[in-house]
Amino acid sequence: MASSPEKITAAVEALPKAKVPPEVQKVADLQAQRQQLAQETSLTAWISANILQPVSKALENLKADLNKLFGFGEEKAAEITEVVGVQLSEWQEKLAAPAAPVFSFLKGVPAPITSDFGDRIDPMDSTHKKHKKHRGIDIGVREGTPIFATKPGKVISSKWNDHSGNVVEFQIDGDPRVYTFHHLQVPGPVAGTVIRPGGQIGISGHTGGRSTGPHLHFGVIVGENAIDPEAFLA
Ligand SMILES: [Zn+2]
């Protein structure tokens with residue numbers, strides 16, 4: 001009988017631990033690992049299509065331009081391109097690192113995901129028909145819920161935006177991704193503020209014209225592109 005990996009994992013979790021036969025536990029563990037791998041692979045595939053491939057092309061063009069515009073010889077152009085290439089590949093490696101939780105709420109605070117990332121009916125559209133891409137994930141928390149960093153980092157901007165209210169952009173040390181927090185109750189820490197693990201990034205609220213109720217909007221941005229933040233939740 002066919003059964004989905006999620007069902008098997010859930011069934012095994014529901015059994016009293018001592019009674020799980022080791023071979024069943026082994027299958028459940030392997031399936032959990034496979035799911036984790038699939039999640040990481042989809043991020044890697046996205047990075048390859050959206051960053052690695054365009055970057056290799058850009059480097060090829062750069063080499064040709066250096067040659068043509070400045071009369072650099074083939075060898076010198078290749079040398080310069082390589083320096084740029086090495087830096088970019090270091091950046092890419094960091095991007096491809098598996099996702100880890102970026103923030104947490106206090107233990108026991110109910111925080112259901114109320115709206116997923118991606119295509120959705122625009123909640124602000126009165127006809128309830130128009131689609132608009134959701135560039136993050138919504139988490140249903142009460143106004144005034146503090147948001148704590150799980151990793152050391154820095155606030156890179158803290159601004160008011162008519163749509164998104166008080167917005168904080170946060171970056172983890174050594175991680176080129178930008179993590180965004182919208183509709184905060186009060187302005188967040190000023191740009192440049194260093195945040196230690198357990199330090200406060202902001203306080204959730206209901207500010208800005210595009211908020212239909214108290215919630216936290218959390219986004220993950222790579223370059224200009226928003227990616228699915230679900231893998232970055234605790
Ligand atoms: Zn949102």
Residues satisfying the stated conditions in the stretch 161-188, i.e. away from the ligand (no atom under 16 Å from the Cβ), under 15 Å from Gly144 (Cα atoms) and not small (Gly, Ala, Ser): Val186, Pro187
Candidates Thr150, Thr127, filtered to the one that is in the same structural domain as Val220 (by TED's automatic domain parsing) and in contact (Cβ under 8 Å) with a residue 12 or more places away in the chain: Thr150
Matching residues, the stretch 63-77, being of a type in the set (A, V, I, L, M) and at pLDDT 75 or above: Ala64
Lone qualifier among Glu230, Glu224 - being of a type in the set (D, E, K, R) and within 16 Å of the ligand (Cβ to nearest atom): Glu230
Pairs where the first residue, in the stretch 204-231, is at positive phi and the second is at pLDDT below 90 and away from the ligand (no atom under 13 Å from the Cβ), C-beta under 9 Å, 6+ apart: Gly223/Asn50; Gly223/Ile51; Gly223/Pro176
Check on Val102, touching a Phe, Trp or Tyr at 6+ places or on another chain (Cβ under 8 Å) and among the β-branched types (Val, Ile, Thr): yes
Any hit, the stretch 139-146, residues being assigned by TED's automatic domain parsing to the domain that holds Ile201, of a type in the set (S, T, N, Q) and crowded, with 17+ Cβ neighbours inside 10 Å: yes
Test: residue in the stretch 133-154 that is more than 16 Å from the ligand (Cβ to nearest atom), touching a Leu at 6+ places or on another chain (Cβ under 9 Å) and not in a loop (DSSP other than H, G, I, E, B): yes
Yes/no for Gly223 being farther than 15 Å from Leu95 by Cα, at pLDDT below 95 and of a type in the set (Gly, Ala, Ser): no
Meets criteria (more than 18 Å from Lys154 (Cβ to Cβ) and touching a Pro at 6+ places or on another chain (Cβ under 6 Å)) for His206: yes
Residue that is away from the ligand (no atom under 16 Å from the Cβ) and of a type in the set (S, T, N, Q), where the choices are Thr207, Thr193: Thr193
Index of the failed condition, Gly85 passing every other in (1) of a type in the set (Gly, Ala, Ser); (2) outside the structural domain of Ile227 (by TED's automatic domain parsing); (3) within 23 Å of Ala226 (Cβ to Cβ): (3)
Qualifying residue in the stretch 115-124 (condition: in contact with a Phe, Trp or Tyr (Cβ under 7 Å, 6 or more places away or on another chain), within 14 Å of the ligand (Cβ to nearest atom), under 23 Å from Ala226 (Cβ atoms) and touching a residue at least 60 places away in the same chain (Cβ under 8 Å)): no
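The values are calculated or read from the model by the stated rules, or taken from the named source; none is laboratory data. Please read these numbers as outputs of a predicted model, since none were measured by experiment. Here the Cβ is made from the backbone with ideal geometry for all residues, glycine too, and neighbour counts use every protein chain on show.
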